[in-house]
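Structure first, then comments.
The values are calculated or read from the model by the stated rules, or taken from the named source; none is laboratory data. Just so you know, these numbers come straight off a predicted model, no measurement behind them. For neighbour counting, all protein chains shown are included, and Cβ atoms are generated from backbone atoms with ideal geometry for every residue, glycine included.
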Amino acid sequence: MAQITVSLRMDEHLKAQADRFCDEVGMSMSTAITMFFKRLTKDQRFPFEIAADSDPFYSGANYRHIMEGIRSYEAGEPGIVKTMEELEAMANE
């Protein structure tokens with residue numbers, strides 16, 4: 001099978017870390033990248049989980065809280081009341 005050259009750009013520090021890891025396990029970075037693409041094409045998916053947005057503001061739990069607050073507001077119910085300690089605990093979750 002014919003070989004081609006693939007060129008890519010990455011952070012210098014990331015490349016150094018990847019080089020060290022590949023060296024520790026006895027393979028070249030070229031072999032590691034080839035292994036990645038073989039797995040990608042064989043399984044037709046990335047060999048690791050990918051999340052579009054890891055920001056907790058957009059989490060399902062936060063969305064449900066926001067929607068509950070809107071429902072309460074529209075129903076004329078008193079707003080959700082939290083102490084400062086409760087808010088700080090939520091921020092640290």
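Among residues of the stretch 77-89 that are closer than 12 Å to residue 65 by Cβ, none has a beta-carbon under 9 Å from a residue that is assigned to a loop (DSSP other than H, G, I, E, B) and not β-branched (Val, Ile, Thr) at least six positions away or on a different chain.
Criterion first (among the hydrophobic types (A, V, I, L, M, F, W, C) and free of Cβ contacts under 8 Å to residues at least 24 places away in the same chain) does residue 6 satisfy it? For residue 6, the condition - among the hydrophobic types (A, V, I, L, M, F, W, C) and free of Cβ contacts under 8 Å to residues at least 24 places away in the same chain - is not met.
Every residue, every condition in (1) closer than 30 Å to residue 8 by Cα; (2) of a type in the set (Gly, Ala, Ser); (3) surrounded by 10 or more Cβ atoms within 10 Å (Cβ to Cβ); (4) at pLDDT below 90, yes or no:
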| position | (1), (2), (3), (4) |
| --- | --- |
| 23 | yes, no, yes, no |
| 43 | yes, no, no, no |
| 51 | yes, yes, no, yes |
| 60 | no, yes, no, yes |
| 64 | no, no, yes, yes |
| 74 | no, no, no, yes |
| 86 | no, no, yes, yes |
| 90 | no, no, yes, yes |
